[in-house]
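Below is one structure, written out as structure tokens; the observations come after it.
The values are calculated or read from the model by the stated rules, or taken from the named source; none is laboratory data. Everything numeric here is computed off the predicted structure, so don't read it as measured data. Cβ placement follows ideal geometry from the backbone for every residue including glycine, while neighbour counts extend to all protein chains displayed.
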Amino acid sequence: MMKMAVLGLKLKQEDIRFLSEGQQIEKAILRKYKTMREFAEIIGMRYETVRKYLRQANGGSGDFKQLLIQELQISYFEIVLSKQQQIIRLVDQVARNIRDYKDDEDLQVLEALRKLCSELNLNLDKAKMHRAIGMYYFHRNDINTARNLLQVAIDMVRTEKAETLLAAYCSELGLICFYNCDYAEAKSNYEEVQRMMMTSTGIDRKTQFLHYYRYGLLFSSRGEYELAKPLLLRAVSCADEKHDLAMAVMNIGILHRRQNNLKEALKHYRQALTTLDKNDYMGMNAIYNNMADVYKLLGQFERALSYINWALANFDRMDDSRSFIVFGTYTEIKLLMGEPEAAFDKFLELLSKVHDLQLHKTFIINAVNSIIRIENLDQSILDGLKDVVIKLIHETAKENEEYRLKLTTCLGSICLRKKAIRG
């Protein structure tokens, strides 16, 4: 039988069980009251009587149920769900919080939930779980598996004629292709979503925002700024959350920065910053990184460093991939300031804090190469970097041939730099 987890929390393996009628009632009561004794006292019943009702298959007497719904101020059918409804609620919980599912043990949770969807013939929810597992693999940098599972989900929701989900999943498949540098395939998916937008009135604003935002980023990254800006402005108009609005405005600033309009870029970055909640450290981190980049271009290195140091000081509040992006900006600033040793020291500090070195292998390779390319590099830094790469090969690349080969290539590049320095 299946236990319902508290909504808003990441599910664990033990949460994938059904709750009985009494268990669901008890959970609903404890969301409002500290103890069952307190609830029993409020409704004027003996604690033992309430406990007896909760053990009964039908959840107790009619009088007890009436007191229950009066006190909780919700209907009985909102408290007690069928097996199918419990599964649907769990699936929706996972779908809303899929970025939290990145660990090895999380895959077992997602697979167990997908299996229950199959057993109960919940085809639409099974499609949602295919998507969820696909995004799990995407967040773990397994692009091919992610693409395959998203395509399965898309085919299923197309069959079920679930238009909003179809638009959302095609947009996510476009995102995956974009991160894999498959820009033509990403554009193809975004074009399909664009066609759906023009013919449907039922697609929710969040899906619209994500589509326009991602489509705009695609054109921006390709240098097609005249196509990117209208899409990002549409994203701004669809943004109902402060974080979404700030990120759209920030990326309009990035458009200006890429066109060397630095004053206008800073204007948009500041506007984005004022939009955010004060505790949105992820958003602030992204904006500060971009502000540091502009001040670097302006030659104001100390000011650039003040912004990037704020981001680095809040390392524990950002994800590992963002930390490598910040490191790249920090490295560029320190090189321009003539301090390559500081860049290497920060790289060592970053590696010591990253939770999953295997997961972020692409960022690590890029960081190693950025250090190798530093001009006038001291021999001792190259020796230290060589030791780091050898350690990475032995500890994190044993079961990933592609990663091992890339690290080996880095090792070769280090040896070549050392040879060139020695003359």
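Restricting the first member to the range 177-192 and to residues that are more than 18 Å from residue 167 (Cα to Cα), and the second to residues that are surrounded by 15 or more Cβ atoms within 10 Å (Cβ to Cβ), the beta-carbon pairs closer than 6 Å and six or more apart or on different chains are 180/143. Yes or no: the range 177-187 includes at least one residue that is at pLDDT below 95, crowded, with 20+ Cβ neighbours inside 10 Å and closer than 28 Å to residue 10 by Cα. Looking through the range 177-187, at least one residue is at pLDDT below 95, crowded, with 20+ Cβ neighbours inside 10 Å and closer than 28 Å to residue 10 by Cα.
Residue-wise test of (1) surrounded by 15 or more Cβ atoms within 10 Å (Cβ to Cβ); (2) modelled with pLDDT of 95 or more; (3) among the β-branched types (Val, Ile, Thr).
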residue	(1), (2), (3)
75	no, no, no
79	yes, no, yes
82	no, no, no
87	yes, no, yes
96	no, no, no
125	yes, yes, no
134	yes, yes, no
138	yes, no, no
149	yes, yes, no
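The condition of being under 30 Å from residue 40 (Cα atoms) and among the hydroxyl-bearing types (Ser, Thr, Tyr) holds for residue 75. Just one of the listed residues (65, 102) is in a loop (DSSP other than H, G, I, E, B), surrounded by 14 or more Cβ atoms within 10 Å (Cβ to Cβ) and not small (Gly, Ala, Ser), namely 102.
What is the number of the single condition among (1) within 29 Å of residue 132 (Cβ to Cβ); (2) modelled with pLDDT of 90 or more that residue 36 does not meet? Checking residue 36 against (1) within 29 Å of residue 132 (Cβ to Cβ); (2) modelled with pLDDT of 90 or more, the one that fails is (1).
Listed by position, the helices (runs of 4 or more DSSP H) enclosed by the range 320-423 that each have at least 2 residues that are more than 30 Å from the chain's Cα centre (by Cα), surrounded by 18 or more Cβ atoms within 10 Å (Cβ to Cβ) and modelled with pLDDT of 80 or more are 379-396, 401-422. A search for C-beta distances below 8 Å between a residue of the range 149-175 that is free of Cβ contacts under 8 Å to residues at least 12 places away in the same chain and any residue that is crowded, with 17+ Cβ neighbours inside 10 Å and assigned to a helix (DSSP H, G or I), counting only pairs 6+ apart in sequence or on different chains, returns 158/166. When residues in the range 200-224 are screened for being β-branched (Val, Ile, Thr) and either in contact with a helix residue (DSSP H, G or I) (Cβ under 9 Å, 6 or more places away or on another chain) or at pLDDT 95 or above (or both), 2 of them pass.
Scanning the range 288-315 for residues that are closer than 15 Å to residue 263 by Cα and not in a helix (DSSP H, G or I) yields 298, 299, 300. Selection within the range 214-267: residues that are within 20 Å of residue 300 (Cβ to Cβ) and among the basic types (Lys, Arg). The member of this set that is surrounded by the most Cβ atoms within 10 Å (Cβ to Cβ) is 257. Once the range 123-148 is narrowed to residues that are touching a residue at least 40 places away in the same chain (Cβ under 8 Å) and outside any helix (DSSP H, G or I), the residue that is nearest to residue 85 (Cα to Cα) is 140.
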